[in-house]
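First comes the structure, then the notes that go with it.
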Amino acid sequence: MSLDVHLAETANSFAAHHDGWEDAARWYAHVSEPLFIALVIVLAAAGLLLRRPRVVAASVLAVLAAGASLVVAAVLAHVVDRPRPFVAHPQIHAFLSHAADPGFPSDHATAAFAIAVVLVLRLGLRWLPVLVAAAALAVSRVLVGVHYPADVLAGALLGTAAAVAVCVLAARFGPRLLAARPRVAARAGFLAER
């Protein structure tokens, strides 16, 4: 038995024998996706209302990083085609209803870490609680039996890599795009007049 399977069984057994932990993990695994989506929407809206372009930019970059990392995750899931723990091991119980689709890497962990890392990199260390929430999401997905630890670890690494890449690209090319904006607008106006 691999270490990954052993850790998944141990976590799932812990959840089965500790109802409070299982209930909390199941609840959080269920609501975490809408929570992260709501966070980005609320953050973007607040940035627009309060005229904080840095906050709006961070929200946009978080969406870009999550989207890019999920595309890569979908390709990896198709190539690796690893069954979920509750499918491959009857002793692992899924405490959350889930499709029996491939589980490597975890889409939830991928997107959550992409969003959290962008917010920390762009808005500072006060956003570390979002990174902690992403880690809690990853742990909850293992506890409820829908992922192996390697699934969520791969998702966390993939989301983090996408966040770093998007932030580096934004730092490198963002100022050029903003500087070019008046020229683009002027050209668009010139073309509209013709």
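The values are calculated or read from the model by the stated rules, or taken from the named source; none is laboratory data. Computed from a predicted structure; not experimentally measured. Cβ coordinates were reconstructed from backbone atoms using ideal geometry, including for glycine residues, and neighbour counts include every protein chain displayed.
Listed here are the helices (runs of 4 or more DSSP H) enclosed by the stretch 1-96 that have at least 3 residues being under 23 Å from I115 (Cβ atoms), of a type outside the set (D, E) and more than 15 Å from the chain's Cα centre (by Cα): 19-49, 53-80. Residues of the stretch 93-129 that are modelled with pLDDT under 90 and either more than 22 Å from E22 (Cα to Cα) or of a type in the set (A, V, I, L, M) (or both): A94, L96, A99, A100.
None of R141, R84 is crowded, with 22+ Cβ neighbours inside 10 Å, in contact with a helix residue (DSSP H, G or I) (Cβ under 7 Å, 6 or more places away or on another chain) and either modelled with pLDDT under 95 or of a type in the set (K, R) (or both) except R141. A62 - would you say it is in contact (Cβ under 8 Å) with a residue 40 or more places away in the chain and surrounded by 19 or more Cβ atoms within 10 Å (Cβ to Cβ)? Here the answer is yes, as A62 does meet what is asked. Within the stretch 102-141, being hydrophobic (A, V, I, L, M, F, W, C), over 13 Å from the mean Cα position of the chain (by Cα) and over 15 Å from E33 (Cα atoms) holds for F104, V120, L121, L123, L125, W127, L128. Only one of the listed residues (A179, A188, A192, A165) is over 28 Å from Q91 (Cβ atoms), surrounded by fewer than 18 Cβ atoms within 10 Å (Cβ to Cβ) and modelled with pLDDT of 95 or more. That residue is A165. Determine, yes or no, whether A150 is small (G, A, S), surrounded by fewer than 22 Cβ atoms within 10 Å (Cβ to Cβ) and assigned to a helix (DSSP H, G or I). Yes. Is it true that A44 is touching a residue at least 40 places away in the same chain (Cβ under 8 Å) and crowded, with 17+ Cβ neighbours inside 10 Å? In short, no.
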